[in-house]
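These notes are about the structure you will find just below.
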Amino acid sequence: MTPEMTRSRLVPMRPRDPHEPGRVASSLELFFDLVFVIAVSVAGAQLHHALSEKHITSGVLSYAMVFFAIWWAWMNFTWFATSFATDDWLYRVLTIVQMSGVLVLAAGIEKVFADHDFTVVVIGYVVMRMAMIAQWLRAARSGGGNRRTAQFYAGGIAIVQVLWLTLLVMPGSVQVIAWVVFVIAELAVPIVAERRGVTPWHPHHITERYGLFTLILLGESLLASANAIIEAVHDHESLGPLIALSALTLVVTAALWWIYFWPPHHTAITSFRRSLRYGYVHYFVFAAAGAFSAGIEVEIDSITHHTELSEVAASYTVTIPIAIFVVGIWWIALRDNADRVVNIAVPVGAVLVLLDPLIPIPFALTAVFMAGVVATLVLRPPVRPAD
């Protein structure tokens, strides 16, 4: 038993040192991420089906709504962990409770896309957030300069969860408007709470966590690439286009990885305002990465004639997510570490990707443009080298 450990084998949840050397993601954090792999995969699969069936508006809206729940729950835990993680038994149990909420949420995603029924998703989300409230209350009890901040986090999150529960009794005609209002309320909690005292975040640890989640999302695209090969084995008439799609998907996924990890991300969160921008814009980066894999599946359907979408529309399900991903990561992490040439090449490359659907060879130009962006990054390293 350590000197600080109580008889109940709990460690006081005091703020972590933001300059702690060698801080990396813990095995619990990596375990926590596994359930999000499931949720992201289910959301991507449902988006794929909605797009292929030409339910574009409802599919994209449903995806945006459920992905917010996935992203916000993950992000809140990640920022809390970088500041207060203790890794004792109670911290682990509450984290596992959050994981159970993710699984419940994932189970309800299909109902959202099919029937606009948010019941299971909201229940799973509230379970996650109630566990997060318990974590913040424990942090508040340990005292220190962050007591009031932790108390406000706990109170703010609790109030918003009551609002989410009211969504279950609202008519469908006002649910989308209510969702927007409740999302704004969720986003406002950290902004207001941190005015009571900024919680200490570890720049290298927090950006490592974001990088790991990005890898999870890009892994879904690699799975889509493999699915193209599997489909080719069973559909000899489309063998050539499917193999080409698989190869192009690998090239573009590798390019997105290269672009994301090119800048030293820890330089992007040197202040609370910059950390908010980094964290909040990642919603679009993460959602686009997840939608990219769904778009590849739609392209497979287009090649094998299993979708109602035109070839041009099917191509846009791939190129739009790529453009959003690239512009998003350029805005929050890359541009401050790049010279003028890179800061022109990256956003221009993202815009040019949107021209791909207008040519008869789907997805080919995207791979060329992304390879060109990567070549530029190789030739012109970051102006702020990583520590």
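The values are calculated or read from the model by the stated rules, or taken from the named source; none is laboratory data. Just so it is clear, the structure is predicted and the values come from calculations on it, not from any experiment. Here the Cβ is made from the backbone with ideal geometry for all residues, glycine too, and neighbour counts use every protein chain on show. SASA here: full protein model, heavy atoms, side chains in, ligands and nucleic acids out. Shrake-Rupley method; radii C 1.70, N 1.55, O 1.52, S 1.80 Å.
A few notes on this one:
- When each of THR78, THR119 is tested for being within 20 Å of GLY172 (Cα to Cα) and of a type in the set (S, T, N, Q), the lone residue that passes is THR119.
- Where a residue in segment 71-92 is touching a residue at least 40 places away in the same chain (Cβ under 8 Å) and under 20 Å from GLY124 (Cβ atoms) and its partner, wherever it lies, is β-branched (Val, Ile, Thr) and crowded, with 21+ Cβ neighbours inside 10 Å, with Cβ under 7 Å and at least six apart: ALA73/VAL102; THR78/ILE206
- Here MET170 passes the criteria (1) hydrophobic (A, V, I, L, M, F, W, C); (2) over 19 Å from the mean Cα position of the chain (by Cα); (3) within 29 Å of ARG273 (Cβ to Cβ) except the one numbered (3).
For (1) among the hydroxyl-bearing types (Ser, Thr, Tyr); (2) in contact (Cβ under 8 Å) with a residue 24 or more places away in the chain, each residue gets a yes or a no:
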site: ALA291; (1), (2): no, yes
site: SER302; (1), (2): yes, yes
site: THR307; (1), (2): yes, yes
site: ALA345; (1), (2): no, yes
site: LEU365; (1), (2): no, no
site: GLY372; (1), (2): no, yes
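Each row is one residue, and each column tells you yes or no for (1) under 30 Å from ARG147 (Cβ atoms); (2) among the aliphatic types (A, V, I, L, M).
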{"site": "PRO203", "(1), (2)": "yes, no"}
{"site": "THR207", "(1), (2)": "yes, no"}
{"site": "LEU212", "(1), (2)": "no, yes"}
{"site": "LEU218", "(1), (2)": "no, yes"}
{"site": "SER221", "(1), (2)": "no, no"}
{"site": "ILE229", "(1), (2)": "no, yes"}
{"site": "VAL233", "(1), (2)": "no, yes"}
{"site": "PRO241", "(1), (2)": "no, no"}
{"site": "ALA244", "(1), (2)": "no, yes"}
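- Test result for GLN98, closer than 30 Å to VAL24 by Cβ, out of contact with any Leu (no Cβ under 8 Å at 6 or more places or on another chain), polar (S, T, N, Q) and in a helix (DSSP H, G or I): yes
- Evaluation of ASN76 against (1) surrounded by fewer than 20 Cβ atoms within 10 Å (Cβ to Cβ); (2) within 26 Å of PHE272 (Cβ to Cβ) (one fails), failing number: (1)
- Any hit, segment 269-283, residues being in contact (Cβ under 8 Å) with a residue 12 or more places away in the chain, surrounded by 21 or more Cβ atoms within 10 Å (Cβ to Cβ) and of a type in the set (D, E, K, R): no
- Matching residues in segment 270-296 - criterion: being hydrophobic (A, V, I, L, M, F, W, C), farther than 23 Å from ALA50 by Cα and either at pLDDT 95 or above or within 16 Å of the chain's Cα centre (by Cα) (or both): LEU276, VAL281
- Residue in segment 3-19 that is part of a helix (DSSP H, G or I), in contact (Cβ under 8 Å) with a residue 40 or more places away in the chain, open to solvent by 40 Å² or more (accessible area, probe 1.4 Å) and not basic (Lys, Arg) present: no
- Selection within segment 314-342 - closer than 18 Å to GLY290 by Cα and more than 21 Å from the chain's Cα centre (by Cα): ALA314, SER315
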